Structures are given as structure tokens and as C-alpha cells.
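Colleague: Sharing a structure with you now.
No value in this document is a laboratory result; all are computed from the given coordinates. Only a predicted model underlies this, so the values are computations on that prediction, with no experimental measurement involved. Cβ: placed from backbone, ideal geometry, glycine included. Neighbour counts: every protein chain shown.
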Amino acid sequence: MFIAKYESSGQRSLAEHEDGSPWSFVLALNDGFSGGGTQFVELEGKPIMNASVGGAIGFCGRNRHCGQPITSGVRYILAGFLSYEPCQEDSDVCS
């Protein structure tokens with residue numbers, strides 16, 4: 001996980017990409033900005049998702065997406081990546 005900062009006078013957006021994980025999420029940490037959001041570029045209609053503060057958007061990390069530009073203010077997000085390993089039937093411990 002990491003915190004990303006987007007602002008109109010600095011890093012405004014994030015280029016189209018895929019994550020290296022089966023599952024990813026973006027957790028909104030603040031409001032008071034304009035623009036921004038996570039756009040899913042290969043889905044029908046290329047939707048832009050922007051969660052409310054404390055809300056998250058979870059998605060397949062192999063879905064192509066990008067961060068839309070901030071037009072004013074500062075946006076902070078927590079980005080995270082998830083994977084999983086199935087439990088072994090003869091083990092009490094999961095990976």
C-alpha cells in the first residue's frame with residue numbers, strides 16, 4: 001500500500017496502466033478537490049469512479065485504468081494491492 005498525492009500544480013494524474021496484482025483498491029482520504037477519479041479505460045463507457053471520503057473502489061488489478069487529472073485542490077488516496085493463496089487442506093495456517 002502507499003499514499004498518493006494529486007494536485008493541479010504537481011502530479012495531476014496517473015497514466016493508463018495495469019497493476020501487478022489480482023485485486024487492487026483505491027481508498028479516498030479527503031475531499032475539497034475538483035476532478036480526479038479512477039477511470040476504467042477498457043470497460044464500456046469508460047466509467048470514472050470517485051469514492052466518498054473513507055470509501056473504497058475495489059477492482060481486478062489487471063483491469064486497465066488511469067487516474068484522471070485534478071483541476072483544483074489536492075487529492076490523497078491510499079492505493080493497495082491484494083493477492084491470495086488457498087489454504088492447504090492439511091494445514092491450520094493459510095498463506
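Colleague: Given springs between every Cα pair under 10 Å in a Gaussian network model of the chain, which of Glu85, Glu42, Glu16 has the largest fluctuation?
Modeller: Answer for the Gaussian network model of the chain: Glu85.
Colleague: Can you check what the net charge comes to around Ile70, using other residues whose Cβ is under 10 Å from the Cβ of Ile70 (Lys, Arg +1; Asp, Glu -1)? Walk me through the numbers before you get to the answer.
Modeller: On the way: positive: Lys5, Arg12, Arg75; negative: Glu7.
Neighbour charge sum, excluding Ile70 itself: +2.
Colleague: For each of Asp19, Asp31, count neighbouring Cβ atoms within 10 Å of the residue's Cβ, then give the residues from fewest to most. The partial results should precede the final answer.
Modeller: On the way: Asp19 19, Asp31 10.
Taking fewest neighbouring Cβ atoms as first place, the list is Asp31, Asp19.
Colleague: Between (1) 15.5, 55; (2) 13.4, 40; (3) 20.4, 73, which matches Rg and Dmax of the Cα atoms in Å calculated for the structure shown?
Modeller: Read-out taken from this structure: (1).
Colleague: Related question: Summing Lys, Arg as +1 and Asp, Glu as -1, what charge do residues with Cβ under 14 Å from the Cβ of Ala4 carry, Ala4 excluded?
Modeller: Values: positive: Lys5, Arg12, Arg75; negative: Glu7, Asp19.
So the surrounding residues net to +1.
Colleague: Can you tell me how much longer the chain between Val53 and Cys87 gets when fully stretched, taken as 0.36 nm per residue apart minus their C-alpha distance, in nm with one decimal?
Modeller: Working: separation 34, 0.36 × 34 = 12.24 nm, distance 3.41 nm.
Here the segment from Val53 to Cys87 would lengthen by 8.8 nm.
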